[in-house]
Amino acid sequence: MKLDIIIGFVVGVFAFLMVLGYNVFPIGLLLVAAYLVWTLVLSRQILKNGNGVSIATTAIDFEDIGGQSVAKKELQEALDFLLHSDRMKALGIRPLKGILLSGPTGTGKTLLAKAAARYTDSAFLSVSGSEFVEMYAGVGAERVRGLFRRAREMVRKEKKTSAIIFIDEMDILGAKRGSNVSHHEYDQTLNQLLVEMDGLKAEQGPPILVMGATNRPEALDVALLRPGRFDRQVKVDLPDKEGRVAILKIHTKNKPLAQEVILEDIAHETFGFSGAHLESLTNEAAILALRDEVSEITAHHLHEAVEKVMLGEKLDRKPTAEELRRVAIHESGHALLAEMVRPNSVSQVSIRSRGNALGYVRHYPKDDLYLYTQAMLEEQIMVALAGALAEEEILGTRSTGAAGDYEQALNLVERMLISGMSSLGVTDVSRLNAEQRQSVTKDILAELEERTKTILLKNKPLLIKITEILGEEETLSGDNLRMYLLNVA
Ligand code: ATP
């Protein structure tokens, strides 16, 4: 970017001198020549410094990857093409050239690629899409050529029969052509990858399999997904509960767990966590055990670690007494409403600052849910609105603490619109203008606000009581909250 500014400035100065009548042609020519030589030297240097390729010695097996049974099965089936290439050749089956792993970040795509290399006993090269992107023309394309050259060399040197090239962040290297306005360098690089993949013929040297990973498969150029290139796509999704248990087992294998620890409970609490989150959770739990100077990781450490990964580190900042009371009212509002509309759903409520939150309520997901009914979405919106409405009910005013809740409520309303659950029925939401959108959103929120207010008003003594208890105890488990609710009622 800086270079762009300098070039722009020099061109500007030259234009100005020309307007003044100076003959700048010879100096200009000299500068252009110097620039070309400089970029050439630099690009050679970049290429010499290893192409940004990392060669990983891979000690990862498929057994080291928790969950992902569908992805593993699909991948292994595809890899059998590589393992039995002679049989494939005899039947005239063209070699498999590319597998695309797509899914959210931290779900184990890199692990799968490493395990694939071990499963097929292939040489393994790993590179990130962003490492191909240089502003110097031709460098990216040359890097792609170098990568394939290197893979062939590695097969020879390591005496393997095949190679796997893993390209992470595939969407940077393989974005739809023409989508990067600034330069054609991206397109040239992608073209070169397509050329190299087309050149991967069974009879030309050792089999090379390209494995790409992306969390934005929709951004990829269609040419990449054409048969004969990345013709296998494997989805690597967030793990379900069973998968989370398996991942937790893998990452606690080398950690001393107290006997009372039930990993299924932790898996139950961690809906939406990726493998990377779960790995971090087990690590944080071990750090908490170290801080407590104990030799075993207890259930308490693991529960604390879930919160830390979810919400960030506990903070020592002290809100004023007035703020604390407001936070207690706000969180009690959320918790009370949650228990009213979905009994037994609160796992914890706290007014201790964590990360960006002054307080929080954590909910148990009943089970891993992939579908939501209108009633469920409405309940979630009501729970989100209840914090601000409780403040209004007791203190007479709302506060800025509800901004995140409104964002959540608006996202849920958007889901209702898209799913045809608004007064507009099934509609193409992208064709609604801002006014129509605003009007229908306002109607939904107004109705749900009314319903929430009615519940809070009817249970005001409970709300006040829970606020007081929370103010004293700072944190309440879901079970304690329910006990107090029963006793007061
Ligand atoms: P990104 O898209 O951000 O590159 P990724 O999908 O490639 O992420 P990995 O790099 O494979 O994710 O995973 C990161 C770390 O998370 C791993 O080193 C491992 O510790 C843990 N992890 C992720 N998924 C799993 C899993 N299924 N089983 C065990 N550990 C996992």
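The values are calculated or read from the model by the stated rules, or taken from the named source; none is laboratory data. Just so we're clear, the structure is a prediction, and the values are computed from it rather than from any experiment. Here Cβ is always computed from backbone atoms with ideal geometry, including for glycine, and neighbour counts include all displayed protein chains. What goes into the accessible areas is simple: the full protein's heavy atoms, side chains included, and nothing from ligands, DNA or RNA. Shrake-Rupley method; radii C 1.70, N 1.55, O 1.52, S 1.80 Å.
Treating r as the C-beta distance of GLU323 and GLU218 and R0 as 51 Å, the FRET efficiency rounds to 0.70. Here's the list of aspartates and glutamates a cross-link from LYS157 could span, going by alpha-carbon distance under 16 Å and ignoring same-chain residues fewer than 8 apart: ASP121. For LEU100, the residues 5 or more places off, or on other chains, whose built amide H falls under 5 Å of its own are GLY212, ARG232, GLN233, VAL234. Segment PHE16..ARG152, full-extension length gain: 43.7 nm, with 0.36 nm per residue of separation and the alpha-carbon distance subtracted.
Shape class of segment 375-489 from the alpha-carbon gyration tensor: prolate, with a/c at 1.5 or above and a/b greater than b/c. Whole-Hz Karplus values for segment 15-30 come out as 4, 5, 5, 5, 4, 6, x, 7, 8, 9, 4, x, 5, x, 4, 4 Hz, taken residue by residue from phi with 6.51 cos²θ - 1.76 cosθ + 1.60 and θ = phi - 60°; glycine and proline positions read x. Between ASP64 and THR475, what is the FRET efficiency for a Förster distance of 35 Å, r being their Cβ-Cβ separation, to the nearest 0.05? After rounding to 0.05, the efficiency reads 0.45. With 0.36 nm allotted per residue and the present C-alpha distance subtracted, the ARG145-ASN254 stretch has 35.1 nm of extension available. Projection of the Cα convex hull of segment 54-235, averaged over all directions and equal to a quarter of that hull's surface, yields 9.8 nm². Distance from the Cα centroid of segment 334-387 to that of segment 79-155 is 44 Å (rounded to whole angstrom). Distance between the pseudo-spin-label points of LEU225 and THR161 (7 Å out from Cα toward the beta carbon): 3.3 nm. For the chain, the fraction of 1.4 Å probe accessible surface lying on carbon and sulfur atoms is 56 percent. Under the simplified labelling scheme, the ASN411-LEU36 pair shows an inter-label distance of 5.3 nm, with each label point 7 Å from Cα along Cα→Cβ.
Of VAL346, VAL11, VAL361, the order by accessible heavy-atom surface (1.4 Å probe, DNA, RNA and ligands excluded), from most exposed downward, is VAL11, VAL361, VAL346.
Across segment 76-167 the C-alpha pair distances fall into 10 Å bins from zero in the proportions 15, 40, 34, 10, 1 percent. FRET efficiency for the LYS458 to ALA434 pair, using the beta carbon distance and R₀ = 25 Å, is estimated at 0.10.
Can you work out the accessible area per residue across segment 321-488, with the rest of the protein chains kept in place, probe 1.4 Å, in square angstrom?
52
With contacts taken as Cα pairs under 8 Å at a separation of at least 6 residues, segment 74-150 carries a relative contact order of 20 percent. Listed by chain and number, the aspartates and glutamates placed with their C-alpha closer than 14 angstrom to that of LYS176 are GLU185, ASP187, GLU218, ASP221; residues fewer than eight positions away on the same chain are left out. Based on DSSP H segments of at least four residues, each scored -39500 (n - 2.57), the chain has a per-residue ellipticity at 222 nm of -18000 deg cm²/dmol.
Please grab the % of Cα pairs in segment 241-311 that end up more than 21 Å from each other. When all Cα pairs of segment 241-311 are counted, 12 percent exceed 21 Å. Overall, the ratio between the Cα radius of gyration of segment 383-425 and 2.2 N^0.38 Å, rounded to two decimals, is 1.40. In the chain the longest region clear of chymotrypsin sites (Phe, Trp or Tyr not before Pro) that are loop-assigned by DSSP and have at most 16 other C-beta atoms within 10 Å covers 137-369.
For ILE381, the shell of other residues with beta-carbons less than 15 Å away shows a net charge of -4, using +1 for Lys and Arg and -1 for Asp and Glu.
Label zone (LEU371, point 7 Å along Cα-to-C-beta; backbone nitrogen cut-off 14 Å) within segment 271-299: none.
Scanning the chain for GluC sites (Glu not before Pro) in DSSP loops with at most 12 neighbouring Cβ atoms within 10 Å leaves 1-202 as the longest stretch between them. Taking the Cα atoms of the chain, the ratio Rg/Rh between the radius of gyration and the Kirkwood radius comes to 1.07.
Looking at segment 206-287, which trypsin sites (Lys or Arg not before Pro) are DSSP coil and have at most 10 other C-beta atoms within 10 Å of their C-beta?
Here the sparse-neighbourhood loop sites are LYS253.
Here the contact order of segment 241-311, divided by its residue count and restricted to Cα pairs under 8 Å and six or more residues apart, works out to 38 percent.
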